[in-house]
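J.: Dropping the structure in here first, questions after.
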Amino acid sequence: MKKILPKLIFPLILLLITLFLAYKNYTSGTFLIGWDSLHPEFNFPLALQRILFGVWRADQGVGAIAAHAQMSDLPHVLILWLSSLVLPLHLIRYFYIFLCLAPGSLGVYLFLKYIFQRESDSYYVYLASFLGALFYLLNLGTLQNFYVLFEMFTTAYAILPWLFLPGLKFLREGKKRNLVAFALVTLLSSPMAYASALYYVSLFGLGLFLLAFTLISSVKKIKFKRLLVLVALTIGLNLYWILPNLYSLARQGSTIANSKINLLFSPEASLRNQAYGQVGDILIQKNFLFDWRAYDFTKQAFSDLLAPWKIHLSSPLTSVLGNIISVIILGGLALAVIKRDKIGLALVPVGLFCLFFLLGTNPPLGQIYTYLNNHVGLFREGFRMPFTKLSILFEIAAAFYFAYFFFFVFRFFSKHFLAKLTALFLAGLVSTSLVIYMLPAFKGELIRPSLRRHLPDEYLEVFNWFKQASEG
């Protein structure tokens with residue numbers, strides 16, 4: 001029982017926290033609608049038809065080649081359709097969003113536990129893994145991916161840790177079950193490719209991690225062959241949307257870049273990201289949404305999108321906690337490099353890759369970024385908002401270094417006669433600090449309240465009328 005309890009208690013705590021967040025960010029009887037939102041639940045047959053025959057979008061204007069990889073949304077729509085068998089219409093989107101919230105932190109927990117268990121089988125493995133997973137759940141990057149949500153980002157949040165875990169396991173062990181697990185997760189990951197740059201960047205980051213791990217490991221030749229198998233499998237399972245997406249980029253990439261909305265918005269987006277391209281903001285994952293404004297119909301005026309969060313983060317206590325979090329991440333990075341931890345070293349290129357985009361036009365590589373932004377149209381359009389593409393990948397690396405810091409500390413003092421009690425107290429203190437730092441999320445501000453709307457009956461009647469007309 002003593003061995004089973006640590007294995008169950010920490011995942012259970014994570015699950016309970018996510019359930020509480022779901023409870024506080026749900027408004028009874030409302031639809032989760034607005035901002036960037038798609039609602040296939042209003043007509044599943046039509047949504048599936050558009051996905052399966054989605055290279056040409058007859059529903060866009062007078063018809064157009066699909067600019068986004070809409071076909072990649074197939075698993076998401078199928079999950080929603082299955083959930084509609086037991087859930088009322090207004091709950092279906094809530095269900096998927098909250099479904100994404102729990103697996104993300106649990107995936108990070110299992111990923112970290114797998115890594116640390118190879119170095120130790122002590123109680124501290126579970127404790128450090130829990131703290132890393134809790135950090136992944138409770139940070140400003142997670143907030144910004146859920147506050148004005150779009151399913152491709154919440155899917156990435158949920159799925160990416162689960163790609164890292166079986167990918168690393170297969171690379172190390174070469175077992176078929178790990179390859180099968182990787183294949184299943186890859187199939188479920190495709191909805192994050194709706195805007196394909198997110199998928200390409202995320203998979204490049206994963207590949208960079210696995211390649212770096214291969215290069216610093218023994219038996220490089222065997223691991224490299226396994227890496228090629230993972231790459232081939234990933235491409236093969238996603239060809240159904242990759243090929244149409246590449247066709248779209250080749251045929252109309254310049255058209256998209258030169259559209260009026262992009263010509264007006266892209267420079268502003270670039271400047272907003274540049275403003276938050278400072279190391280201090282990057283470490284706490286604070287980005288452009290903190291500078292965004294939205295129209296408040298109750299006040300008949302524009303107001304800060306993240307107004308409650310800006311007030312919360314302006315307090316001295318919260319500011320200090322943010323600085324401590326940054327120091328812990330940097331401390332974990334330094335310890336991993338000094339101790340020559342293979343996973344820690346393999347994640348360094350991933351962190352540098354993310355930093356290049358998150359720093360943007362700021363020093364030290366700002367001139368290279370500016371050149372690419374000015375001369376490569378696909379680069380400019382794909383990374384006009386780099387935070388949305390890189391934040392989750394960065395969080396995974398940061399979660400490892402955050403956890404590694406405490407794993408080192410716990411082991412360093414493990415021979416002290418009060419070591420376990422001290423470690424538990426420290427873990428409780430850190431957990432409480434993370435909750436305080438993200439307190440508005442526990443008050444219903446993880447998802448923007450204005451996105452939780454009561455729909456007029458007439459709105460749904462219009463959908464039913466069109467559905468009946470198309471069937472008739």
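J.: Collect the residues in segment 398-420 that are surrounded by fewer than 13 Cβ atoms within 10 Å (Cβ to Cβ) and assigned to a helix (DSSP H, G or I), keeping them in residue-number order.
T.: Residue satisfying the conditions is Phe412 alone.
J.: Starting from segment 70-96, keep only residues that are over 23 Å from Leu455 (Cα atoms), then list their pairs with residues that are of a type in the set (Phe, Trp, Tyr) and open to solvent by 50 Å² or more (accessible area, probe 1.4 Å) whose Cβ atoms are within a distance under 7 Å, requiring at least 6 positions of separation or different chains.
T.: Met71/Tyr240
J.: Open to solvent by 10 Å² or more (accessible area, probe 1.4 Å) and in a helix (DSSP H, G or I), is that true of Tyr157?
T.: So Tyr157 does not fit the description; no.
J.: Can you tell me which residue in segment 37-66 is modelled with the highest pLDDT, limited to those that are among the small types (Gly, Ala, Ser) and within 27 Å of Arg453 (Cβ to Cβ)?
T.: Across segment 37-66, the extreme among qualifying residues is Ala47.
J.: Does any residue in segment 170-190 that is farther than 13 Å from Asn238 by Cα come within less than 7 Å, Cβ to Cβ, of a residue that is of a type in the set (Ser, Thr, Tyr) and part of a helix (DSSP H, G or I) six or more places away or on a different chain, and which pairs are these?
T.: Short answer, once both residue conditions are applied: Leu171/Thr214.
J.: I'd like to check something: does segment 265-284 contain any residue that is within 18 Å of Leu143 (Cα to Cα), part of a loop (DSSP other than H, G, I, E, B) and modelled with pLDDT of 90 or more?
T.: Yes: segment 265-284 contains one or more residues that are within 18 Å of Leu143 (Cα to Cα), part of a loop (DSSP other than H, G, I, E, B) and modelled with pLDDT of 90 or more.
J.: Follow-up. Can you tell me how many residues in segment 330-348 are assigned to a helix (DSSP H, G or I), open to solvent by less than 40 Å² (accessible area, probe 1.4 Å) and within 23 Å of Leu168 (Cβ to Cβ)?
T.: Adding up the residues that qualify gives 7.
J.: Another question, then. Can you find a residue in segment 279-289 that is touching a residue at least 24 places away in the same chain (Cβ under 8 Å), buried (at least 18 other Cβ atoms within 10 Å of the Cβ) and of a type in the set (Lys, Arg)?
T.: yes
J.: On to the next question. Could you give every pair whose Cβ atoms fall below 7 Å, whose first residue belongs to segment 13-30 and is under 15 Å from Lys443 (Cα atoms), and whose second residue is among the polar types (S, T, N, Q), counting only separations of at least 6 or pairs across chains?
T.: Partner pairs satisfying both residue conditions: Thr18/Ser105.
J.: Now for a different question. Given the condition at pLDDT below 95, more than 28 Å from Arg93 (Cα to Cα) and polar (S, T, N, Q), answer yes or no: does some residue in segment 213-220 qualify?
T.: Yes, segment 213-220 has at least one match.
J.: Counting only residues that are among the β-branched types (Val, Ile, Thr) and not in a helix (DSSP H, G or I), which one in segment 358-389 is farthest from Leu140 (Cα to Cα)?
T.: Of everything passing the filter in segment 358-389, Val376 is farthest from Leu140 (Cα to Cα).
J.: Additional query: So which residues in segment 421-464 are surrounded by 11 or more Cβ atoms within 10 Å (Cβ to Cβ) and more than 33 Å from the chain's Cα centre (by Cα), if there are any at all?
T.: Val462, Asn464
The values are calculated or read from the model by the stated rules, or taken from the named source; none is laboratory data. The structure displayed is predicted, hence computed values, not measured ones. Virtual Cβ from ideal backbone geometry, glycine too; neighbours counted across all protein chains shown. Surface accessibility is based on the protein's heavy atoms, side chains included, excluding ligands, DNA and RNA. Shrake-Rupley method; radii C 1.70, N 1.55, O 1.52, S 1.80 Å.
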